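The values are calculated or read from the model by the stated rules, or taken from the named source; none is laboratory data. What you see is a predicted model; the values in this text were computed from it and never measured. Positions of Cβ are generated from backbone atoms using ideal geometry, with glycine treated the same way; all protein chains shown enter the neighbour counts.
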Amino acid sequence: MRRKGQHKFNAKRVEVDGEFFDSQAEATRWRTLRVLQDAGEIANLERQPKFQIDINGQDCGAYKADFAYFHGEERVVEDVKGFETETFKFKRKIVEALFFVRIELVRASDASRFNRRATVRAA
């Protein structure tokens, strides 16, 4: 059983430039994406884009990704994970189908890489 205030996956909240992140990997990826944006490689970087899931007029909840940005004309949505949970896999399929986006999984171990090959599409 986890203690009060302890993250369910033992990640530690991190502060970067006055903003809080759920893990060191997420904060590291944010720094990397900011460098890419400053270099003009990506644009319109945003944190925690929310996708409201409504099916047949029924509110089915929401999915909140870690980051979204444009790479050329393509909108890229990323989620930083140490590992994939069944809940993430399920929500990703629904969001991709409803919103015509692709959610790219960034492994926590790859969060600091500067190239887009750091993102992987898990089967």
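If I ask for residues that are surrounded by 15 or more Cβ atoms within 10 Å (Cβ to Cβ) and either among the acidic types (D, E) or assigned to a strand (DSSP E or B) (or both), which ones from region 36-46 would you list? Result: E41, L45.
Scanning region 1-35 for residues that are at pLDDT 85 or above, closer than 16 Å to V80 by Cα and assigned to a loop (DSSP other than H, G, I, E, B) yields D22, S23. In region 73-88, what count of residues is obtained for those that are over 16 Å from A108 (Cα atoms), within 13 Å of the chain's Cα centre (by Cα) and assigned to a helix (DSSP H, G or I)? Of the residues in region 73-88, 0 are over 16 Å from A108 (Cα atoms), within 13 Å of the chain's Cα centre (by Cα) and assigned to a helix (DSSP H, G or I).
Take R117 and tell me if it is at pLDDT 90 or above and of a type outside the set (G, A, S). I'd like the intermediate steps shown before the answer.
Values: at pLDDT 90 or above: no; of a type outside the set (G, A, S): yes.
The answer is no for R117.
Identify all residues within region 50-70 that are assigned to a loop (DSSP other than H, G, I, E, B) and under 10 Å from V95 (Cβ atoms); write none if there are none.
At the first step, the residues of region 50-70 found to be assigned to a loop (DSSP other than H, G, I, E, B) are 56-57, 65-66.
Across region 50-70, the qualifying residue is only A65.
Annotation note: of D79, D59, D54, D110, the sole residue that is touching a Leu at 6+ places or on another chain (Cβ under 8 Å) and among the charged types (D, E, K, R) is D79. Residue-level analysis places A123 outside the set of residues that are surrounded by fewer than 18 Cβ atoms within 10 Å (Cβ to Cβ), at pLDDT 95 or above, over 14 Å from the mean Cα position of the chain (by Cα) and aliphatic (A, V, I, L, M).
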